[in-house]
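The values are calculated or read from the model by the stated rules, or taken from the named source; none is laboratory data. Since the model is a prediction, treat every value here as computed from it, not as a measurement. Reconstructed Cβ throughout: ideal geometry from the backbone, glycine too, with neighbour counts over all protein chains shown. Each accessible area value is taken on the protein alone, full model and side chains, heavy atoms only, with ligands, DNA and RNA left out. Shrake-Rupley method; radii C 1.70, N 1.55, O 1.52, S 1.80 Å.
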Amino acid sequence: MKADATPGERLAGAVRTQLGALVGLPPCRWARTQLARRGLSGRTAVIAVPYLWLLLFFLVPFAIVLKISFSEAQIAMPPYQPLLQWAGDRLADIRLNVNPGNYLYLVEDSLYLRAFANSVQVAAISTLAALLIGYPLAYAIARSDTRWRGILLMLVILPFWTSFLLRVYAWIGILKNNGLLNNLLLWLGVIDRPIVMLQTDFATYLGIVYAYLPFMVMPLYANLEKMDLTLLEAAADLGCRPLRAFIGITLPLSLPGIVAGCMLVFIPAVGEYVIPALLGPADSLMIGKILWTEFFNNRDWPVASAVAIALLLLLVAPIVYFQRVQGRQAGERA
Amino acid sequence: MNSKTSLARLSFLLFGFAFLYIPIVSLVVYSFNESRLVTVWSGFSTEWYSRLFDNEQILEAAWLSLRIAAVNATGATILGTLAGLALARFGRFRGRTLLSGMSTAPLVMPEVITGLSLLLLFVATEQAFGWPAGRGVSTITIAHITLTLSYVTVIVQSRLASLDVSLEEAAMDLGARPASVFMRVTLPIISPALISGWLLAFTISLDDLVIASFVSGPGASTLPMVIFSKVRLGVSPDINALATIMVALVTLGVLIAGLVMLRRDRARQRDMQMALRSDAS
């Protein structure tokens, strides 16, 4: 240990030594030999523990949602019928209660189709707006002096660390009829009576853009920051105007950042619940809100499950695409 | 860079940060307002803070949320580190694609789906095995670990991927067992990533409304659940006071973390310069 170590470093060192010693303790040694005897190395254990956790708490739940989406609702606890039912004593009496009715219901009742279409539309418009605000911001940060970049970036991330719920709540005070924005506009004389902004689609867009802006800025910044600036210099030397150089060089090169940022905003925005519930209209047709109402208010678990599966199917393509982009980037870094 | 483009850059920055910070500043300012109405500024007052600290329900929920967040962050950091280690260091193994998929999907999965699916799992296991007997703290913690371990995995994996393996290989060559290589070489190097992963998991858990609402049972209301039910009825200044306290704590935390990192960077640079100088002489 260094003599000039701070107390924090000394503590960290002590913890590490203790942890290191722990591995050598008899119970740990015993566990290791037991595992080794069964052909399981520490390596397998490292893989197995998170693997089992995710299988049990991430993958199996989806199977259950899928199962319940095919069962029939009943007034009981839990409020759905089992898929397999024993009608009599013999094995042949198993009744399979597969009920595609929940899905038919989703298609027949135009409410759900409209909700899906509306959610995609709201998410797409908000993503575009977030891109239009986030791109200039990320660009300006990436082209700032290196001394400032770290601080500016921290300022973008800082709101993300404060409560999401409270940041959405802040907009209620700004947008409501006698809120800050209306008062400002009245005072400036732009309007002569308050405009209704809260509980409109506009407020939903604004909330989504505001809450997810850091997710748009981060990948864009990461991309713009490592861009080769000599390309722009060469373009300028050849007489290219800055705007054309931006459209012809910077924009196409930043496409991976744009895609990653848009995915990070679009995918969660489609299923968003909190923002439409607090800022949107009372009859807001957002699919996340419909699922919530179906589950908590109507207590129709099978229909809620069918909505969840449909939403998942809708998002599977963008999610898989996003993961492949992520994987490729991780591969490049390695 | 000419003056026109730098003016444009400055205005981008000003607009972007105004958009990000005006709502937060307005929360803070009106937490000190005497009046219940956000409209009128009627004078400075700390009344809402004392009301907040008299509110048993909020204090209890905050304590519950902090406890869940701490247990969750610790569990998620352990599991996420294991997953990140496996994905970054173990090469190809059977089921790697599935593990990588399962550990990044929760990042973008809509919360309503994660919440619903976990609740249905808990209901099914309670029916089949009698566990968990009633939902509450433990089910919320499990759900949050599942959600946040992906964040830790991504952080640890990318930190390990950018790390030179030669140190670990040297330790192996010198005869260290894999477990002690991890404890004595890898862990100290990736500890900043673990700390940021822990903090991120803590914050996300403290902030989650949707998943907690699904998997919670009667009697276990977390802070976001209490805030949400209050906020749905409209603006209430004691929530502004709560928000101000949270903003202050987060800012303080980020500032301290920033300073610590800055000092470490400086110390490292000094060490490197010293090493270079002693090489030269």
Would you pick out the residues in region A:288-316 that are out of contact with any Phe, Trp or Tyr (no Cβ under 6 Å at 6 or more places or on another chain), under 24 Å from B:THR104 (Cα atoms) and in contact (Cβ under 8 Å) with a residue 40 or more places away in the chain? A:SER305, A:VAL307, A:ALA308, A:ILE309, A:ALA310, A:LEU311, A:LEU312, A:LEU314, A:LEU315
So the helices (runs of 4 or more DSSP H) completely within region B:1-102 holding 2 or more residues that are open to solvent by 50 Å² or more (accessible area, probe 1.4 Å), within 12 Å of chain A (Cβ to nearest Cβ) and at pLDDT 90 or above are B:3-31
Can B:ALA128 be described as closer than 26 Å to A:LEU59 by Cβ and either in contact with an Asp or Glu (Cβ under 9 Å, 6 or more places away or on another chain) or not in a helix (DSSP H, G or I) (or both)? no
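So, in region B:233-246, of the ones that are part of a helix (DSSP H, G or I) and open to solvent by 30 Å² or more (accessible area, probe 1.4 Å), which residue ends up nearest to the other protein chains (Cβ to nearest Cβ)?
B:MET246
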Across region B:160-180, which residue is surrounded by the most Cβ atoms within 10 Å (Cβ to Cβ) among those that are away from chain A (no Cβ under 13 Å) and of a type outside the set (A, V, I, L, M)? B:GLU168
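So, restricting to helices (runs of 4 or more DSSP H) that lie completely within region A:96-183, which ones have at least 1 residues that are open to solvent by less than 30 Å² (accessible area, probe 1.4 Å) and at the interface with another protein chain (Cβ under 8 Å from one of its Cβ atoms)?
A:110-142, A:146-161, A:164-175
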Need pairs with beta-carbon distance below 7 Å; first residue at the interface with another protein chain (Cβ under 7 Å from one of its Cβ atoms) and surrounded by fewer than 23 Cβ atoms within 10 Å (Cβ to Cβ) and within region B:105-129, second small (Gly, Ala, Ser) and assigned to a helix (DSSP H, G or I); sequence gap 6+ or separate chains. B:PRO106/B:SER150
Which condition number in (1) more than 10 Å from every other protein chain (Cβ to nearest Cβ); (2) at pLDDT below 90; (3) farther than 26 Å from A:ILE275 by Cα is the one that B:VAL156 fails? (2)
Listed residues B:ILE204, B:ILE211, B:ILE195; which is open to solvent by less than 20 Å² (accessible area, probe 1.4 Å) and within 19 Å of the chain's Cα centre (by Cα)? B:ILE211
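Rundown of residues vs (1) hydroxyl-bearing (Ser, Thr, Tyr); (2) touching a Gly at 6+ places or on another chain (Cβ under 9 Å), yes/no style:
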residue	(1), (2)
A:TRP187	no, no
A:ILE191	no, no
A:PRO194	no, yes
A:GLN199	no, yes
A:PHE202	no, no
A:TYR205	yes, no
A:MET216	no, yes
A:PRO219	no, yes
A:ALA235	no, yes
Condition first: in contact (Cβ under 8 Å) with a residue 24 or more places away in the chain, at negative phi, over 20 Å from the mean Cα position of the chain (by Cα) and within 12 Å of another protein chain (Cβ to nearest Cβ). Can you find one or more residues in region A:195-205 that meet it? yes
B:ALA61 vs (1) free of Cβ contacts under 8 Å to residues at least 24 places away in the same chain; (2) touching a Leu at 6+ places or on another chain (Cβ under 7 Å): all pass except (1)
